[in-house]
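K.L.:
Got a structure for you, questions after.
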Amino acid sequence: MNERFRASSLKNPLFPDEVIFGDKGVTFKVRKMFSSSDNFVFYADISGVEIDSGVFFSTIRVIPRMRPEIVIYNFSKGDAKKVKELILDRVRN
């Protein structure tokens, strides 16, 4: 059940963002050169998911209830679509 998606290494080869699915929620790892943040959100606390697609890469915006949105960058269009489908599928159940 622990599925993991990693952002493209073309735009950020050393510090790619990650999405990790667990049994009760999803973890978003947003990495930068000198810092990183891990955001865990229960599936029941997610109110929506949006994808902004460019020519090659997509940005995923997760909208939790009662928290600021979580933005993760540089995913392939296929991975972004799969992440959105998995989140929305688990939110409905």
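We did not get these values from a lab; they are worked out from the coordinates using the rules stated. In this text, all values refer to a predicted model and were calculated from it rather than measured experimentally. Neighbour counts are summed over all protein chains in view; Cβ atoms, including those assigned to glycine, are modelled from backbone coordinates with ideal geometry.
K.L.:
What are the lysines whose alpha-carbon lies under 21 Å from the alpha-carbon of LYS32, with same-chain residues fewer than 8 places away excluded?
P.N.:
Leaving aside lysines fewer than 8 places away in the same chain, those within reach of LYS32 are LYS11.
K.L.:
Let me have the 222 nm mean residue ellipticity of the chain computed from DSSP H runs of 4+ only, each contributing -39500 (n - 2.57), with the sum over all residues rounded to the nearest 500.
P.N.:
When only DSSP H runs of four or more count, the value is -5500 deg cm²/dmol.
K.L.:
Can you list the chymotrypsin sites (Phe, Trp or Tyr not before Pro) in the chain that are in a DSSP coil and have 13 or fewer other beta carbons within 10 angstrom? The partial results should precede the final answer.
P.N.:
On the way: sites: PHE5, PHE21, PHE28, PHE34, PHE40, PHE42, TYR43, PHE56, PHE57, TYR73, PHE75; in loops: PHE34, PHE56.
Hits after loop and neighbour filter: PHE34, PHE56.
K.L.:
Going through the stretch 56-93, which trypsin sites (Lys or Arg not before Pro) have at most 13 other Cβ atoms within 10 Å and a DSSP loop state?
P.N.:
Values: sites: ARG61, ARG65, LYS77, LYS81, LYS82, LYS84, ARG90, ARG92; in loops: ARG65.
Of the trypsin sites (Lys or Arg not before Pro), the ones in loops of the stretch 56-93 whose Cβ has at most 13 other Cβ atoms within 10 Å are ARG65.
K.L.:
In terms of Cα to Cα distance under 16 Å, which aspartates and glutamates are near enough to LYS29, apart from those fewer than 8 places away along the same chain?
P.N.:
Correct list for LYS29: GLU3, ASP17, GLU18, ASP38, GLU69, ASP79.
K.L.:
Sticking with this structure for a sec: ILE70: net charge of surrounding residues, Cβ under 15 Å, Lys/Arg +1, Asp/Glu -1, itself excluded?
P.N.:
Neighbour charge sum, excluding ILE70 itself: 0.
K.L.:
Counting other Cβ atoms within 10 Å, keep those with at most 13, restrict to DSSP loop, and tell me which GluC sites (Glu not before Pro) in the chain are left. Write out the running numbers ahead of the final one.
P.N.:
Details: sites: GLU3, GLU18, GLU50, GLU69, GLU85; in loops: GLU3, GLU69.
Those satisfying the criteria are GLU3, GLU69.
K.L.:
Pick from VAL71, VAL62, VAL19: which residue has the top mean-square fluctuation in a GNM of the chain where Cα pairs under 10 Å get a spring?
P.N.:
VAL71
K.L.:
How many Å³ per residue does the convex hull of the Cα positions in the stretch 4-92 occupy?
P.N.:
Once divided by residue count, the hull of the stretch 4-92 is 85 Å³.
K.L.:
Which aspartates and glutamates have a Cα lying under 12 Å from the Cα of LYS24, excluding residues fewer than 8 positions away in the same chain?
P.N.:
ASP45
K.L.:
Mind pulling the angle between the C-alpha long axis of helix 77-92 and the longest principal axis of the chain? Nearest 10 degrees, somewhere in 0 to 90.
P.N.:
Value to nearest ten degrees: 20.
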